[in-house]
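Worksheet: the structure to be examined is printed underneath.
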Amino acid sequence: MSAGHTAVTGPAEAQVAADPVITCETPQDECGVRDVLDRLGDKWSVYVVVELASGVRRFKELQRAIPGPISQRMLTLTVRRLERDGLVRRTVYPTVPPQVEYELTEMGHSLTHLVKALADWSIAHRPAIAASHAAWDSSRAASPRTP
């Protein structure tokens, strides 16, 4: 569903009972949703938010705590974007070399329950998604490709 849609997809009875997920004045307006989804949909932002939810981290601590090999440059870009969005606060201490710490802002902390809900949903539906993948893949392998 795109941000401009005003109906929920799913069974007919659910559509009647459910409020629209997102309502915008125009499809072009997008209500600012795309910016947030782009940020949270990138590869590293959710990992940074999850890690900072447990407290203040120095740059290297944050880099080591994030699963997967994240480069220094990518982590720098990610925390800068999150800082620009108002989700992360960066504090520089005047030491040699400079010590930099990152923490979630109040707004960043307010996001953590949504990230947890998404993670919980993902874990709960992992078997059904895997079964759906297997069924879809086997049906595609058994029949000629269609768009």
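Against the condition closer than 19 Å to Leu62 by Cβ and within 15 Å of the chain's Cα centre (by Cα), how does Thr95 come out, does it pass?
It is false that Thr95 is closer than 19 Å to Leu62 by Cβ and within 15 Å of the chain's Cα centre (by Cα).
Would you check if Thr112 is within 25 Å of Glu61 (Cα to Cα), of a type outside the set (A, V, I, L, M, F, W, C) and part of a helix (DSSP H, G or I)?
yes
Looking only at the stretch 76-120, which residues are surrounded by 10 or more Cβ atoms within 10 Å (Cβ to Cβ), over 14 Å from Val50 (Cα atoms), free of Cβ contacts under 8 Å to residues at least 40 places away in the same chain and among the aliphatic types (A, V, I, L, M)?
Leu77
Under 8 Å between Cβ atoms, which residue pairs at least 6 apart in sequence (or on different chains) link something in the stretch 36-47 that is part of a helix (DSSP H, G or I) with a partner that is open to solvent by 60 Å² or more (accessible area, probe 1.4 Å) and modelled with pLDDT under 90?
Tyr47/Pro67
Consider Ser71 carefully, then state whether it is hydroxyl-bearing (Ser, Thr, Tyr), surrounded by fewer than 18 Cβ atoms within 10 Å (Cβ to Cβ) and within 22 Å of Tyr93 (Cβ to Cβ).
No, not satisfied.
So which residues in the stretch 48-88 are in a helix (DSSP H, G or I), among the β-branched types (Val, Ile, Thr), within 15 Å of the chain's Cα centre (by Cα) and more than 15 Å from Thr112 (Cα to Cα), if there are any at all?
Thr78, Val79
If Thr91 passes every condition in (1) in contact with a strand residue (DSSP E or B) (Cβ under 8 Å, 6 or more places away or on another chain); (2) part of a helix (DSSP H, G or I) but one, which one does it miss?
Evaluating Thr91 over (1) in contact with a strand residue (DSSP E or B) (Cβ under 8 Å, 6 or more places away or on another chain); (2) part of a helix (DSSP H, G or I) leaves (2) as the failure.
What are the residues in the stretch 98-109 that are assigned to a loop (DSSP other than H, G, I, E, B) and under 17 Å from the mean Cα position of the chain (by Cα), if any?
Within the stretch 98-109, just Thr105 meets the criteria.
The values are calculated or read from the model by the stated rules, or taken from the named source; none is laboratory data. What you see is a predicted model, and the numbers here were worked out from it, not measured in a lab. Note: ideal-geometry Cβ built from the backbone for every residue, glycine included; neighbour counts use all protein chains shown. Heads up: the accessible areas ignore ligands, DNA and RNA and are worked out on the full protein's heavy atoms, side chains in. Shrake-Rupley method; radii C 1.70, N 1.55, O 1.52, S 1.80 Å.
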